[in-house]
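Worksheet for the structure shown next.
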Ligand code: DX5
Ligand code: ZN
């Protein structure tokens, strides 16, 4: 399962799903081939909205696990080190926290790994990638935000494409490179060309009439490179 992070994957983000039909919507993208499901946790402090907590992670863990998939939990919360254990017990296989959200990135990474999950660190568009070099092999994934975090459906920040090679360079060998925000069949291949291998897409998948087909369209856009 953890090997999924080093492959090319499009990750549907449930932030844009219909929460009244969450299992059904997740089932549609799993049926279309999705194996890494992205869960956006927001606390009303690090970012203005409040979204999902461990209860929703727990509600999806069985369904995703049975399909051989994993839950990727993106924490947009202050002091993430205080909440890691709850998300891992709920079923998070990967926990990503923001470098801007804690003075203790190395300590938080250690807590995630000791809890038994893979470790991701995210940076906002205005944050330089050198934190990834500092963390070295303490992390499994580097998330380069391609919008400012907080909402789905924002426009892709174009200069992310020229930032990605620096992220790849700063991250240790074998660390997965993820992009999140404004990813669709047009932007995904450009990020792939700049070094990303994991592509989070919310509104481009769940904003479509057929989420399974919309997921497949992004996968197709990445093929043949
Ligand atoms: C934004 C979240 C994203 C969000 C992306 O803060 O981290 O995961 O779901 O949404 P789209 O794909 O609509 O930009
Ligand atoms: Zn996200």
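Coordinate-derived values only; no laboratory data. Note that the structure is a prediction, hence the values are computed from the model and not measured. All Cβ positions, glycine included, derive from the backbone under ideal geometry; neighbour counts span all protein chains shown.
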Fill in the blank from the handout: Per-residue ellipticity at 222 nm attributable to helices in the chain (runs of n ≥ 4 DSSP H, -39500 (n - 2.57) apiece, nearest 500 deg cm²/dmol) works out to -10000 deg cm²/dmol
Handout entry: Debye log10 I(q)/I(0) at q = 0.08, 0.09, 0.13, 0.15 Å⁻¹ for the chain, Cα point scatterers
Key = -0.23, -0.30, -0.66, -0.91
Problem - Extension reserve of the residue 209-residue 115 stretch, reckoned as 0.36 nm per residue once the Cα distance is removed - result: 30.0 nm
Exercise for the section: Would you order 184, 140 from fewest to most other beta-carbon atoms within 10 Å of each residue's own beta-carbon? Expected result: 184, 140
Completion exercise
For residue 55 and residue 100, extending 7 Å from Cα along the Cα-Cβ vector and measuring point to point gives, in nm, a value of 2.9
Fill in the blank from the handout: So residue 223 and residue 133, fully extended at 0.36 nm per residue minus their Cα-Cα distance, gain in nm 29.4 nm
Fill in the blank from the handout: Given 87-94, 19-26, the highest-first ranking by average Cβ count within 10 Å works out to 87-94, 19-26
Fill in the blank from the handout: The residues 11, 58, 158, sorted from fewest to most surrounding Cβ atoms within 10 Å, come out as 158, 58, 11
Handout entry: Ranking of 134, 110 by count of other Cβ atoms within 10 Å, fewest first
Key = 134, 110
Handout entry: Hypothetical label at residue 172: residues of segment 125-159 whose amide nitrogen lies under 16 Å (7 Å Cα-Cβ projection)
Key = 130-143
Handout entry: Share antiparallel - DSSP beta bridges, the chain, percent rounded to 5
Key = 5
Problem - Whole-number percent relative contact order across segment 136-225, with pairs defined as alpha carbons under 8 Å at least 6 apart - result: 29
Handout entry: By average C-beta atoms within 10 angstrom, highest first, the peptides 126-132, 35-41, 69-75
Key = 69-75, 35-41, 126-132
Exercise for the section: Whole Å is fine, so just give me how far the alpha carbon centre of segment 2-48 lies from that of segment 75-154. Expected result: 16
Fill in the blank from the handout: Percent relative contact order for the chain, counting Cα pairs under 8 Å at least six residues apart, stands at 22
